[in-house]
Amino acid sequence: MNQTESLFQCRHIFQSAMTALGVFLTKEKIEEISDLIMEGLTEKWRNFHTFNHILMLTNTGDPLITLAGLFHDLVYLQIDEKIIFNYTPYLNSFIIEKKDGFFIKSQLTYSDDCFSIVLKIFDVNLGDSLSQFKGQNEFLSALVAGKILQPYLPLSLITRIITMIELTIPFRQTKDENETIPQQLQKRLEIVNQEFNLDLSQANIITTICQAVKLANLDVSGFGTSNVQNFLKNTWLLLPETNHCLYDSQKYTIQDYRLALENTNKFINFISPNLVFHHYHNEPDLITFQELIKNCQNNLDISRLYLQIKLTSIALLEALSLHFCPNIPLNFFWNVSNNANFKYVSIFDFLPSILPYKPQNNIEKIILDLLTFECQGNIFPDISHSLFTIFILNYISFETIVNYKSQCDSFFSRQLTPQDFLSLFPPSLISIISSSIEQLLHQKQDSLRFLKHWENQ
């Protein structure tokens, strides 16, 4: 779907949701607000948090969930590295930027119920710092949503939308082990309802939290997919959003790519299913919730092994490269040009053929299938890195490569020197890869000489 089609669909979704709530806006106003929504979703670094992601959240048939879904990712500072200029009129009265981040203003020049409700629903106060680990993006997105919708919806409905956006703050541990995140949110909504005379019944409040749970679970539904390939595909789409250097495949270094993988690996090892999905008042039903938890655990277990194998293979290449060019682009090892006069050969032209490794169990088969799936070009960013990983697997076996985890960690933290790290691997493997790199370097030097000679003719 191109940007024009996405904008048209966004307008249709927004208009349908407002109409379902009994609000009829002019064509110009629909276009104005939809354009604002699309501004955030089409920022240049967005790769996963795009309109395609939003579409998944807006097909429940519930207009309030739809509106919360449309607005919940407007601001994403870790990706966009800024607040969209056209959102600032809705934030300037309440938020101040300092050298060390964004802060809620210590005092306001006037009273604003919508802003006060956002503060209480998000459990923050005047003067507080907005931390990326405590719902910074969701808070700012909810505030923009509330201020945009304030002229057209009653404060009670805006509060419900703000509440739903709050629950999309992901991967939180509860402050009280006797209460879940949705239960704590319910308490805050009850206080807001009473303080601002919103006239929400207890049934309305429970429904709102159920709607919030549905939205939040949809937002992270990829964790609960029964297809681990889809889970990893989403994981790979997220990589370049917070590692912008990966967009330029000609320039990012081995270390750039390794750091991206390493950070993802740390996150995957931190996460547990109970931090991903919510359950509240039979939303979702118990069988569905248990299935989400089961699938999530399976996806995390497989991904941890998968990422460790990828990290071991890239660590080996990084340790070797530190001997001749620490900042060499990863693409150097496997790029091929279509220029007939200047062929960039890859390391695979010099690596020997090895008998394929035979998986010893279902987990090994799944991971080999995932690596093959990536080799087919279906996952960002490197087809060739998976080919290299498969080569390492074929040579030293699955079990052996997994056992290098602690040594990789020591090498990444530079507690192990490159030489000491390489000495842990079979000497024959290091010799094969070193020889292939040496031949690759010679071949590229020869190609450069030929090119210079050809250009001078």
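Quick grid of which residues meet (1) out of contact with any Gly (no Cβ under 9 Å at 6 or more places or on another chain); (2) touching a residue at least 40 places away in the same chain (Cβ under 8 Å):
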| residue | (1), (2) |
| --- | --- |
| L157 | yes, yes |
| T163 | yes, yes |
| R172 | no, yes |
| N178 | yes, no |
| L185 | yes, yes |
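All of (1) over 18 Å from the mean Cα position of the chain (by Cα); (2) hydroxyl-bearing (S, T, Y); (3) closer than 29 Å to V124 by Cα hold for T19 with one exception: (3).
Scoring Q229 on the criteria (1) in contact with a helix residue (DSSP H, G or I) (Cβ under 8 Å, 6 or more places away or on another chain); (2) assigned to a helix (DSSP H, G or I); (3) at pLDDT 90 or above leaves a single failure, condition (3). Restricting segment 59-74 to residues that are of a type in the set (S, T, N, Q) and under 18 Å from L157 (Cα atoms), the residue that is surrounded by the fewest Cβ atoms within 10 Å (Cβ to Cβ) is T60. Anything in segment 347-373 that is of a type in the set (S, T, N, Q) and modelled with pLDDT of 85 or more? List them, or say none. The answer is S353, Q360, N361, N362.
Only one of the numbered conditions (1) in contact (Cβ under 8 Å) with a residue 40 or more places away in the chain; (2) surrounded by 15 or more Cβ atoms within 10 Å (Cβ to Cβ); (3) under 18 Å from the mean Cα position of the chain (by Cα) is not met by M56, and that is (2). Can you tell me how many residues within segment 115-138 are of a type in the set (F, W, Y) and either under 25 Å from the mean Cα position of the chain (by Cα) or more than 15 Å from I96 (Cβ to Cβ) (or both)? Summing the residues that are of a type in the set (F, W, Y) and either under 25 Å from the mean Cα position of the chain (by Cα) or more than 15 Å from I96 (Cβ to Cβ) (or both) in segment 115-138 gives 2. Among residues that are touching a helix residue (DSSP H, G or I) at 6+ places or on another chain (Cβ under 8 Å), buried (at least 18 other Cβ atoms within 10 Å of the Cβ), at pLDDT 90 or above and farther than 25 Å from K44 by Cβ, F289 is not included.
With respect to the conditions (1) under 25 Å from R172 (Cβ atoms); (2) not assigned by TED's automatic domain parsing to the domain that holds H72, K251 lacks only one, and its number is (1).
Against the definition (over 17 Å from M56 (Cα atoms), β-branched (V, I, T), modelled with pLDDT under 95 and surrounded by fewer than 12 Cβ atoms within 10 Å (Cβ to Cβ)), how does T4 come out, yes or no? Yes; evaluated as a whole, the condition is true for this residue.
The residues listed here are L239, L259, L275, L300; of these, the one that is within 30 Å of S423 (Cβ to Cβ) and either in a helix (DSSP H, G or I) or modelled with pLDDT of 90 or more (or both) is L259. Residue-level analysis places L119 among those that are of a type in the set (A, V, I, L, M, F, W, C) and either without any contact (Cβ under 8 Å) to a residue 24 or more places away in the chain or in contact with a strand residue (DSSP E or B) (Cβ under 6 Å, 6 or more places away or on another chain) (or both).
The values are calculated or read from the model by the stated rules, or taken from the named source; none is laboratory data. What you see is a predicted model, and the numbers here were worked out from it, not measured in a lab. Note that each Cβ is placed from the backbone with ideal geometry, even for glycine, and that neighbours are counted across all protein chains shown.
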